[in-house]
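Contents: one structure, followed by commentary.
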Amino acid sequence: MPITHRNGLHYNQRFYHRIFEVIQSFTFLLMGIIGYMVHIVFGTMLFSGNERVTQGLLYPRESETREVRSLDGMWHFAKSDTNKPSVGLREKWYMRELRESTNVINMPVPSSYNDIVEESEFRDHVGTVWYERKFFVPQSWKSQRVWVRFGSVHYEAYVWINGNLVVRHEFGHLPFEAEITEYLNFAKENRITVLCDNVLLQTTIPQGKIVEQDSDNGKEIIQQYSFDFFNYAGIHRSVHLYTTSYVFIKEVILNPKVTEERDGLVDYKVVLNDNSTNEYNIKAIVFDKDNNNVAESSTNNDTFNGEILIKNPNLWWPYLMHPQPGYLYSIEIQLTLNDEIIDIYRTKFGIRSLKWNNSSMLINDKPIYFRGFGRHEDSDIRGKGLDFALLTKDFNLLKWIGANAYRTSHYPYSEESMQFADEYGIMIIDECPSVDTENYSQKLLENHKYSIEQLIHRDRNHPSVVMWSIANEPRTQQTSADQYFAEVARYTKELDPTRPITAAIAVNFKQDQAAQYLDIISFNRYNAWYQNTGRLDMVTSYVENEARDWHVKHGKPVLMSEYGADTVEGLHMLPAYVWSEEFQSQQFSKHFKAFDQLRSEGFFIGEFVWNFADFKTAQTYTRVGGNKKGVFTRSRQPKAAAHLLRKRYFELASEIDQFHHKPDNLYEYTSQTQNKLLKNEL
C-alpha cells in the first residue's frame, strides 16, 4: 500500500513540501492569488460526483460468533522532531521495535498525549508521534477474519501490523478499521505501530495553518488555528481487535418509525461482505427492555431489506418529557446458510418520530423545547481521551441540572457517549468537525462532505440524534459560502432525510449566506460579553430582536445555540462585574427573560448555554487557563449559575412538558412564604 498524504504527495515529500512552503514567502503570495481565483470561479465548480462512501464499522460487540479484545492500556510512545517529521518513515521505524529506533516513554491509550508529560514540548508538539504495543492472537482465531478498530486518532493516522501498512485515516474524531488476518502471527506475539499526525491545514476538517517563526532556539514550526479549544492529539478512543466469520454481517441500517395507528415499524437493511449466489438468510428478532421477544422477521439474499411491526411500542422519549425516557429495544440479526448460523450481531435502537415545520420541531407529535448545552470532550490530564468515569459523571450532571439535550460541539463525540445519550434520553445535535470554516475550496468541500458522511454512517441508528449540525461559526458572509453550503446541505439531506439539519451561525443575519439551506436556524451570540461587555441592560432586547430577524427572514424555527460569560469560580463581586459568578448568573437571567418572550411568539424552540464545563484552549491573553464559560468547573463542580439554571430547566419541564416531579432539593427552605415567591424566582 503506497504511503500518500492528504494532498496526494508521497509522505516524505509532503513534509518537505510543507516546510518549504513556510520558508518561502513567495509561496504565501501564490496561495493568496490561488485563493482569490478559487473564490472567483467557485460558482462554476462541479460539486457532486466525488463523494466517498464509508463501509462497515459496526461497533465491536461480542456474540456467539464474534470475539472482542481491547488493546487499551500502556503503549510505547515517541515524539518526532518537529523539523524532521518524516524521519521515522525514512528510517522505517515500523519495521522493528520502536525502542530500537528512538527513545520511547510509556503512554496511556486512550488519552491525549499533550498533558501526560511535564515538558511543554509535548503539550505544544506539532507534527508526528509514534505509538506501539505488542499483543498475542490465539490459534483459535486462525479460522476467522481478524480486524483492528480505532475509535479515533487525531488527526491523521497510519497503522502497521508487523511492519505491514494496513490502513490510513484522517478526520480526528471518527472510527476506522482494517482486516489484518493475513498479517498476523497466530499463537505468537504481534506488533502494532501507529503514526499520528496532528497538523491541520486549510483543507482539513477542522482547518488550521502551519507557519514558521523565529524563537530563541532558531526557527520553530507553529500550528495556528482559530477555533477556541485546544488541539489535543493522540489515540483518543479505544482500540479493539475483533473477529468475524469469513462471511459476515457488514452493516445494519435501521429506520424505526411510528405508524398512523401508533404502532412501531422498523425498516431494516442488512449488508453482507459476500455478494455470491449462496442462499443466505437473515432473521431479525426484536427484544424489549426486559428481553422479551416482541417481533421477528426473515429475508433471503434476493433482498436483505425487511420490516418488523411492533404493536403498542414503548416510544423513545427525551428526559423529563415522559416518565420512562430513553426506552430502547434491541435487535438480533442472525445470518444463516442451510440453517447453520454463520454470524450474529446485536444492537439497540429506539422508536420515535421526528417532524418539523416553519415554527416548531416535534418528537412523537409533541413539540420540543430544547434545554441544554454546548459541550466539549475535555478534562484534566486525559485531554480528549475516553474515560467512562467522566462520561458517567457528565451524564449524571445533565440529569441533575434537568437538561434534555446538548450539541456535540464541535466534532463527533465518542460512540460510547452516543450510547449513553440513547440510554439517558438526552437529545443530540450531532455536529461534524467543521469549525470556523473559511477559504472555501473544492478540496475542502470534498473533505467536509466526507466528514459528514462518516458521521452519519456512524450515528444513523441512534434515537438520541435528532438533528445534524453541518458547521460551527463558518464564515458565511463570504460570497463563496452560498454555493458551498448549498452543496453541503443538499448532500447531508440526501444521506439522511429523516432528521433536520442546522449549523451554528455567528454571522449577522443580513450577511449570512448559509441559513437559507438549513431546516432549523441556530445562532451564537455573546451579548454583554464579546459585545457591549458588562452591559446587562443590553441583553434581553438584543436577543429577542435577533431571533425575530432570523425567523422573519427565513420562516424557520430558531434556537440559540450559544450564549454565556466567562466566570472564575469563587470570584464574587457586587454590583455584578465581568468574570464574577454574580455576572454569569445575572447574564443568564437576562437571557431567560428573552427566551420566555420568544417562546410565547411560537417559533423559538431551544436554548443552549455555552458551556457545560470549563475547557482548555490554546494560550491567549483572553483565556485564564482555558475557557471559563462552563456552569461546571473543569473538575465538574457547580458554579452559582448551575443552581440557577437547574431551577429554570426543571421549571420549564413542569411548564412545557408537564413533568411535575421536581427534585426535593431544587429549592432550599427559606420561609413559610416561599411557595408564593417561587413563581418570581426566574
For Gly606, the residues 5 or more places away or on another chain with a placed amide H closer than 5 Å to its own amide H are Phe370, Met560
Amide H within-cut-off set for Leu362, under 5 Å, with H built and near neighbours excluded = Lys355, Trp356, Ile368
Between Rg and the Kirkwood Rh of the range 265-356, both from Cα atoms, what is the Rg to Rh ratio?
-> 1.05
Treat each spin label as a single point 7 Å out from the Cα along the C-beta direction, and report the Phe136 to Gln672 distance in nm.
-> 7.6
To two decimal places, what compactness ratio does the range 612-661 give when its Cα radius of gyration is scaled by 2.2 N^0.38 Å?
-> 1.53
Listed by chain and number, the residues whose amide H is under 5 Å from that of Ser469, excluding neighbours fewer than 5 places away on the same chain and using placed H, are Asp430, Glu431, Cys432, Thr502
Expected vector for the range 534-541, Karplus 3J(HN,Hα) from phi with 6.51, -1.76, 1.60 and θ = phi - 60°, integer Hz, x for Gly and Pro, equals x, 8, 5, 7, 10, 10, 4, 5
Over the range 511-565, how many percent of alpha carbon pairs lie in each 5 Å bin up to the one with the longest distance?
-> 4, 19, 28, 22, 15, 10, 2
Proximal lysines relative to Lys553, as straight alpha-carbon distance under 21 Å, when same-chain residues fewer than 8 apart are discounted | Lys510
Under a straight-distance cross-link criterion of Cα-Cα below 15 Å, which aspartates and glutamates are reachable from Lys92, leaving out those fewer than 8 residues away in the same chain?
-> Glu100, Glu132
Packing rank of 666-672, 201-207, 531-537, where each peptide gets the mean count of other beta carbons within 10 Å, highest leading | 201-207, 531-537, 666-672
Determine the calculated [θ] at 222 nm for the chain from helices alone, applying -39500 (n - 2.57) to every DSSP H run no shorter than 4 residues and normalising by the residue count; nearest 500 deg cm²/dmol.
-> -7000 deg cm²/dmol
By the mean-Cβ-within-10 Å protection proxy, highest first, 94-102, 449-457 rank as 449-457, 94-102
For the chain, give the magnitude of the charge dipole about the Cα centre (Cβ charges: +1 Lys/Arg, -1 Asp/Glu; no others), in debye to the nearest 20.
-> 540
Could you tell me what fraction of 2.2 N^0.38 Å the Cα radius of gyration of the range 397-530 comes to, as a two-decimal ratio?
-> 1.05
Positive-end residue of Leu184, Asn396, Val578, charge dipole of the chain with Cβ unit charges = Val578
Dipole of the chain, positive end: most advanced residue of Asn217, Gln672, Thr82 [Cβ charges, Cα centre] = Gln672
Radius of gyration and Dmax over the Cα atoms of the range 240-291, both given in Å = 14.9, 44
Dipole check, the chain, charges on Cβ (K,R +1; D,E -1), about Cα centroid: among Ser359, Ser414, Ile428 the Cα furthest to the positive pole belongs to Ser359
Return, for the Cα atoms of the chain, the radius of gyration and Dmax in Å, separated by a comma.
-> 25.8, 78
Percent carbon-and-sulfur accessible area, the chain, ignoring ligands, DNA and RNA, probe 1.4 Å = 49
How large is log10 I(q)/I(0) at q = 0.13, 0.21, 0.22 Å⁻¹ when the Debye formula is applied to the Cα atoms of the range 312-407, each weighted equally and without solvent?
-> -0.70, -1.12, -1.17
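The values are calculated or read from the model by the stated rules, or taken from the named source; none is laboratory data. Only a predicted model underlies this, so the values are computations on that prediction, with no experimental measurement involved. Cβ atoms come from the backbone with ideal geometry, glycine included; neighbour counts cover every protein chain shown. Side chains are part of the model used for accessible areas, which takes the heavy atoms of the whole protein and leaves out ligands, DNA and RNA. Shrake-Rupley method; radii C 1.70, N 1.55, O 1.52, S 1.80 Å.
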